[in-house]
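I have placed the structure first, in the form of structure tokens, so that the comments after it can refer back to it.
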Amino acid sequence: MLCDPVTYQCIYHILDGLRMGLSSFSGTSRVSVIYAMEPEDPLHVYDPQGLLRDHEPPLREFYRDSGSWRLSFPQVRTTRSFETISEDIQLVGMISFAAKSPTMFYQRWFTEHHPDMCCTGPSVEWMENAAWLLSQHCGDANVSLAETSGHVLQQWALHAVRNFIVDERSKVLGLDTHLRIYPVLESVLAISRTLEEGKAARGDLAFVEPKFLPDVRFLARFPDMEPPLLTNTKHVRKLLQTAEDPDHMLVSDGMCVLGIATHPLPPSSIKATFFGGPGFLHLDDNCICSFSDGGYRSSNRRAKLVQLEESLLDTDLDSFARHHMFQVISRLVHSAQRRKHGCTLVVDLNSRPVKIPGQHLVDPLDLLDPAQLSLTKSLSQVDGALHLGADLKLHGFACLLDGRAVAVESRSRGARFNSALRFSSEHEKILVVVVSEDRGVSIIQHGMEMTAVCDWKPFYACLTPPPTLEDWLKS
């Protein structure tokens, strides 16, 4: 049985809501789905933004050549039954989730695996919820409900993180747990937004399963009759000042703050680490996600330097110099981000460094020397650019970059960024790394930003049948 236009509309609304939600959680993301309504139906591909393009060979092998995806249809008992499929298809740079149900025989969702993700678990939970909603709405043939579900999926970050934590803890502790995850996640966001004497929170706040509290190494314990309530955000924020030492942390059972403790924590404990605004959420030693600006994100908040690594591979540097150049730049970038200041790094790959106006040094600093690299990190705070040579030495700082205007300049970006565009357009074998206080990291070469993100064209309601897999592979 081939699906009708109502089904197309349901698929469109669910996919669009999932795409927008994942884009807010992980950065611009595309989403696609491969599905079949009935066991005898051919597979269809709905890929409005070309996410699956260039992945045709593994898809052809997995779906057309083997046909294993049709096997093991679940013996469901009701029309609402829903079963996930553990068999995965490995596509590079992709996260996927598959499920079967009576109303939709097969569906597999795909989205991008961003290189800076802390963990893919919440995104998988997000896709699982989208698959479940689609199976329900296809059974009901209700476009209005599907549209509402699409809007819900856009704001599903908190629930995705919660569901992943619950699933992971249940693998260790079983279903009989008393630590409620929703209040924990909401309290973490509330504390991150609460200022104390104008400063955002720093320190660790751990949430421990109540039955494991006797195993906690408390340094100080509050009386049982008057523990600070977790919902008293201002009080908890004040107490968090006692946990700014890396060896100290506040400990909560999910309802109250019980005291101040030290490591280690019992199994399946959740720890929120605050860094003066943003922070990270851990389950045991595994980072689940970050949080900032009152919401959860998948980003590990480290600079994405993939384009820099690729650019260095195209240079004449030997493998030793290329490896150490990447490590030096990474440390300088992460230092600037940690200290919250912008800076510019001119990576000069010429055999003889070009002349750049600025503060020069009698003896260039050896960037492989930890002490001199530490000094270089401090020099990056001075206005102007650092001049790094192919010999892995710092040849100058506070350098001024000039050049003629280029067409791709942006008035929305600052002088640091546009000066780098101009300078790199007039010099060969030059890479410029711009660290912005509020716009992340840009890799610039030949007057072009290598890290620019393209805005995908919007797509509109799916009114015609998505192509079959066979036709899609031929196209």
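No value in this document is a laboratory result; all are computed from the given coordinates. For clarity, every value in this text was computed on a predicted model and none was experimentally measured. Note: ideal-geometry Cβ built from the backbone for every residue, glycine included; neighbour counts use all protein chains shown.
Observations on the structure shown:
- For GLY396, the residues 5 or more places off, or on other chains, whose built amide H falls under 5 Å of its own are HIS387.
- Ordering of 360-369, 269-278 by packing [mean C-beta count within 10 Å, highest first]: 269-278, 360-369
- Per residue, the chain reaches -10000 deg cm²/dmol at 222 nm when only DSSP H runs of four or more residues are counted, each adding -39500 (n - 2.57).
- Within straight-line cross-link reach of LYS340, lysines at Cα separation under 16 Å, skipping those fewer than 8 residues along the same chain: LYS199, LYS377
- Cross-link partners of LYS171 among lysines, defined as those whose alpha carbon lies under 26 angstrom from its own and excluding same-chain residues fewer than eight positions apart: LYS100, LYS211, LYS271.
- Cross-link reach list, aspartates and glutamates versus LYS393, counting only Cα pairs under 20 Å and skipping chain neighbours closer than eight places: GLU309, ASP316, ASP318, ASP348, ASP363, ASP366, ASP369, ASP383, GLU428
- Only Lys, Arg (+1) and Asp, Glu (-1) charged, at Cβ; region 178-297 dipole about Cα centre in debye: 260
- Most to least packed among 37-45, 415-423, 223-231 [average Cβ atoms within 10 Å]: 415-423, 37-45, 223-231
- Under the span-like rule (Cα at least 27 Å along the axis, Kyte-Doolittle mean at least 0.0), DSSP H helices of the chain: 5-26
- Under 5 Å, built H, 5+ apart or other chain: amide partners of GLY259: PHE222, VAL251
- Based on C-alpha pairs under 8 angstrom that are at least 6 apart in sequence, region 306-449 has a relative contact order of 26 percent.
- With the charge dipole of the chain set up from +1 on Lys and Arg Cβ and -1 on Asp and Glu Cβ about the Cα centre, the Cα lying farthest toward the positive end among the listed residues GLY396, SER268, PRO42 is that of GLY396.
- Chain lengthening between ASN350 and THR315 when straightened (0.36 nm per residue, less Cα-Cα): 11.6 nm
- Selection from SER96, SER419, LEU349, by position along the positive dipole direction of the chain (Cβ): SER419
- Label-point separation, SER81 to ARG411 (7 Å along Cα→Cβ), nm: 6.3
- Here VAL92 and SER475 are evaluated by their C-beta separation; at R0 = 22 Å the FRET efficiency comes out at 0.55.
- Mean Cα-pair separation over length for region 214-258, i.e. relative contact order, pairs under 8 Å, 6 or more apart, %: 42
- Subtracting the Cα-Cα distance of ALA220 and GLU186 from 0.36 nm times their residue separation leaves 9.7 nm of extension gain.
- FRET efficiency estimate (nearest 0.05) - Cβ-Cβ, HIS323 to LEU400, R0 25 angstrom: 0.25
- Euclidean distance between Cα centres, region 101-161 to region 286-319, Å: 26
- Backbone HN-Hα couplings from phi across region 391-405 [Karplus 6.51/-1.76/1.60, Hz, Gly and Pro as x]: 7, 6, 10, 8, 9, x, 9, 6, 7, 9, 9, 9, x, 7, 4
- From the alpha carbon centroid of region 323-341 to that of region 226-272 is 32 Å.
- Simple Cβ-charge dipole of the chain, Lys/Arg +1 and Asp/Glu -1, about Cα centre, in debye nearest 20: 1080
- The chain: relative contact order as a whole-number percent, Cα under 8 Å and 6+ apart: 14
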